[in-house]
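Down below is the structure, laid out as C-alpha cells.
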Amino acid sequence: MDIIRRTKNVKMSLLDRGFNIFNFLIMLIVVIITFYPFIYIVMLSMSSGDVYGKLLFAPVGFTLKGYIACLESSNMLHGFMVSIARSTLGPICTLIVIFMGAYVLSRKDFIFRKHLSKYLIFTMYFSGGLIPVYLVISWLNLTGTFWVYIIPRLAAIYHLILIRTYIQELPKELEESAYIDGAKDYQIAFRILFPLCTPIISAIVLFQFISQWNAFTDTLIYNSMYPEYHTFQYILMGFMKMQQAFSLESYINMYESLQRMSVESIRMAMTIIVIIPIIIVYPFMQRYFIKGIMVGAIKG
Amino acid sequence: MEERIIMNTIANKSKIHKRFETGSNMKKIIYKQRYLFMMVLPVVIIVTIFSYVPVFGWLIAFKDYRPGRDILSADWIGLKQFKMFFLDSKDALYIFRNTLSINILCLIFNLTFACMFAILVNEIKSNKIKSIIQTFSLFPFFISWVVVYSIYTVFFSVNSGVINIFLINIGVIKEGINLLGDPKYAWGLMVITALWKSMGYNAIIFLASISGIEQEQYEAAEIDGAGRWGRMWYITLPGLKSTFIVLLILTSGSLLSTDFDKYYLFTNPTNIEKMEVFDMYTYRYGMKLANFSYSTAVSMMKTIISIGMLLGVNTLSKKVTERSLF
C-alpha cells in the first residue's frame, strides 16, 4: 500500500508541478496586465524626454513639471477641494441615513416592516430615467449647488440591506436586555448596535468614498456651467475629451513634440493625483471589503 | 346545532372586538414605535423624491414638452415619440443591437473569466501569493473610468499609443490599430475594458462560493483517485454552478442598462454606430439636443422592457431550476 501511495505521490507531483507552473504563468500575465499600466503612467508623468513608443520602467528625463503645473493651477486645487469635500461629507451623511433605516427594517416587530422593505428594495430594480430625475432635481433647485452631490445619494438601498442583514445576525439578547433596561430605540441603535457593526460600516463608508471620488456624471449633468463646483475628476475628464478633439484637428502637426509632451505629462500627473486617494484607501478596503462582499454574496 | 350557533356568535363577537381593538391598538403601536418612524423617515423621503416622483415625469413622453415650459399646459401627442423611435427612425434597431450585444458579450466573458480565474487562484497553495494576486487584480476595480480612459488612450491611441508604436516597431503591424475609434473594435474594446476592470472583483464572489464547498467532498474525491484536474472539474465547477446561475439572473434585468461613465468616455463620433447604447442615446437626445419628450419616451421604454426581462427570466428560472429571486 505504501509503495503504491508513494508512486502515486511521485506521479501527482509531476502533473502537479506542470499545473503549478501553468497557473503561475497565468497569474503573472494577469498581474502584469492589471498592474504595469499604472507603473507606466507614473513613469510617464515624471518624464520629459522622448518616450515615443517605449515601454517605460523608469522616468526618462526626470521632472516634476507636470505635478507642479497642477499644484499651481488654482482651478485644479479648487476642484481637488470640492472632491475631498463631497467624498468625506457624502459617506458620513449617507451612513447615518441608511443606518437608521437599516435598524428600523431589522426590527421584526416594526408594523410596516414588510411593506417598507418592498417599497425601498423595489427602487433597486428601476430608474425614473435621466430626464425625469433631472427635472426633479432642478425643480428642487439643486442644480448648480454642492448638495446635488450629497442629497440624491443619501438612500443607498443596497448598502442599507447589507447593514440590515448584519444587524439581524447579531444576538437578540443585546437589544432585549437594553430594552428591558429602559433604553429607547435610537439609543439601542446608536449606542449599542452601531459600534458592533463596525466591519460592515467601514466597508460601506470606503465604498461610498470611492463612489463619490470617482463620480463625474453628476457634475456633467447638473453643474457643468458652475466651475466653482467642478470636481477634480470632472476637470481631468474635460482635459481628456479636449485632447480627443485636438487630435482630430491634426493638433500633432501644429505643436512641437516638446509642448505636446508637457500637455501629456500634465494629464498623466492629474491621473496619478486622482488615483492617490484610492491607493491610500486601498489597504483598508482589502481588510474590510472582502469580508463585506463575502457576507453580501453569501446572504444575498 | 345550537352549540355551533353559539360558537359562531362568540367567534364573530370576538372578531368585532378585535377590529375595535386593532383600531386603538394601531395608534398605541405607532406611538410606541414613534422613534422607529422618525428614524426611517429620511430614507423614505429621499427614496420617494428621487426614485418614485420621477416616474410622474413619464407623462412628458406623451406630451410635446419643451424645457422651461409648464408640463400641464403642453400639448398631448400620445404615442408619437414611441412611433418615432421604433418605426420612423432606424435608431431602435441599432441601439438595441449595440446594447444587447455588448451586454451579453460582457456578461458571458465576465462570468466565465471570473469563474476560471477564481478556480485557478483557489489552486494556489501559498496564501501570501494568493493575496498578492488578489490585491493586484482587484485594483483596477476601484479607479474611475476617467482614469481607465486616460490609461487606454496612452496605450492604444492610433498615432502615439505605446502598444501600437511597439507593434509597429517590431514589425507586426504597419499602422496603428485604431482600437478606440474604429467601430469594428467597439464591442471587443468594451469587453476588454470590462474584463480588465472587473475580473478581480467578480472573482471574489466565486471565491466566496468555493470556500463554501465542503472539504469532505474534496477528500472523498482524492481517495477515489481524482487528481487536480479531476477535483476541479467534478467538484469545484459544479459547486459554482448555482452562483453562476444566480449572477446570470441578477444581471438579466439590467441587460439594457450600461455604465454611463464608461460609455460617455469611450463613445466618440467615429465609433458611434457600434458604440452608442441606450443610456448614451437618451443622454444625447435629452441633455445635448434638449428633446426632453423623446428622451423620456426612450428611457421609459428601456425601463419597462428591463423589468419585463427581469420578471421573465425570474419566472423561467423558477420553472426550470426552482431557484428564483422573487
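The values are calculated or read from the model by the stated rules, or taken from the named source; none is laboratory data. Everything numeric here is computed off the predicted structure, so don't read it as measured data. All Cβ positions, even for glycine, are placed from backbone atoms using ideal geometry, and neighbour counts span all protein chains on display.
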Looking at B:VAL162, B:VAL158, B:VAL147, which is the one that is at the interface with chain A (Cβ under 10 Å from one of its Cβ atoms), in contact with a helix residue (DSSP H, G or I) (Cβ under 8 Å, 6 or more places away or on another chain) and modelled with pLDDT of 90 or more?
B:VAL147
Out of B:ALA186, B:ALA203, which single residue is modelled with pLDDT of 90 or more, more than 8 Å from chain A (Cβ to nearest Cβ) and within 21 Å of B:THR243 (Cα to Cα)?
B:ALA203
Could you check the stretch A:108-181 for helices (runs of 4 or more DSSP H) lying wholly inside it with 3 or more residues that are without any contact (Cβ under 8 Å) to a residue 24 or more places away in the chain and at the interface with another protein chain (Cβ under 9 Å from one of its Cβ atoms)?
A:113-122, A:130-139
Leading residue by the ranking (farthest from the other protein chains (Cβ to nearest Cβ)) among those in the stretch A:182-230 that are more than 25 Å from B:VAL147 (Cβ to Cβ) and of a type in the set (Phe, Trp, Tyr)
A:PHE194
Identify the residue in the stretch A:49-59 that is within 13 Å of another protein chain (Cβ to nearest Cβ), crowded, with 16+ Cβ neighbours inside 10 Å and more than 12 Å from A:GLU264 (Cβ to Cβ) and, among all such residues, is modelled with the lowest pLDDT.
A:LYS54
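Quick grid of which residues meet (1) modelled with pLDDT under 65; (2) of a type outside the set (Val, Ile, Thr); (3) touching a Phe, Trp or Tyr at 6+ places or on another chain (Cβ under 7 Å); (4) outside any helix (DSSP H, G or I):
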site	(1), (2), (3), (4)
A:MET240	no, yes, yes, no
A:GLN243	yes, yes, no, no
A:GLN286	no, yes, no, no
A:MET294	yes, yes, no, no
Would you check if A:LEU64 is surrounded by fewer than 17 Cβ atoms within 10 Å (Cβ to Cβ), of a type outside the set (S, T, N, Q), away from chain B (no Cβ under 13 Å) and closer than 30 Å to A:ILE188 by Cβ?
no
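Here is a yes/no grid of residues against (1) under 30 Å from A:TYR229 (Cβ atoms); (2) assigned by TED's automatic domain parsing to the domain that holds A:GLY128; (3) among the β-branched types (Val, Ile, Thr):
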{"residue": "A:ILE150", "(1), (2), (3)": "yes, yes, yes"}
{"residue": "A:ARG153", "(1), (2), (3)": "yes, yes, no"}
{"residue": "A:TYR158", "(1), (2), (3)": "yes, yes, no"}
{"residue": "A:THR165", "(1), (2), (3)": "no, yes, yes"}
{"residue": "A:GLU169", "(1), (2), (3)": "no, yes, no"}
{"residue": "A:GLY182", "(1), (2), (3)": "no, yes, no"}
{"residue": "A:ASP185", "(1), (2), (3)": "no, yes, no"}
{"residue": "A:ILE188", "(1), (2), (3)": "no, yes, yes"}
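Of the residues B:LYS288, B:LYS241, which single one is at pLDDT below 90 and within 22 Å of A:LEU135 (Cβ to Cβ)? Break it down into steps so the answer makes sense when it comes.
Working: B:LYS241 fails: within 22 Å of A:LEU135 (Cβ to Cβ).
The conditions single out B:LYS288.
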Can you tell me which of A:VAL42, A:VAL82 is crowded, with 17+ Cβ neighbours inside 10 Å, under 14 Å from A:ARG267 (Cα atoms) and in contact with a helix residue (DSSP H, G or I) (Cβ under 9 Å, 6 or more places away or on another chain)?
A:VAL42
So, B:GLY78, is that one over 30 Å from A:ILE161 (Cβ atoms), at pLDDT 70 or above and not hydrophobic (A, V, I, L, M, F, W, C) or not?
yes
Taking the conditions exactly as written (closer than 30 Å to A:PHE19 by Cβ and more than 8 Å from every other protein chain (Cβ to nearest Cβ)), does B:ARG231 satisfy them or not?
yes
Filter result for the condition that a residue is buried (at least 22 other Cβ atoms within 10 Å of the Cβ) and either more than 8 Å from every other protein chain (Cβ to nearest Cβ) or of a type outside the set (Lys, Arg) (or both), over B:ILE108, B:ILE102, B:ILE124, B:ILE132
B:ILE102
Any helices (runs of 4 or more DSSP H) falling wholly within the stretch B:246-326 and containing at least 3 residues that are of a type outside the set (Ser, Thr, Tyr) and more than 10 Å from chain A (Cβ to nearest Cβ)
B:272-275, B:292-321
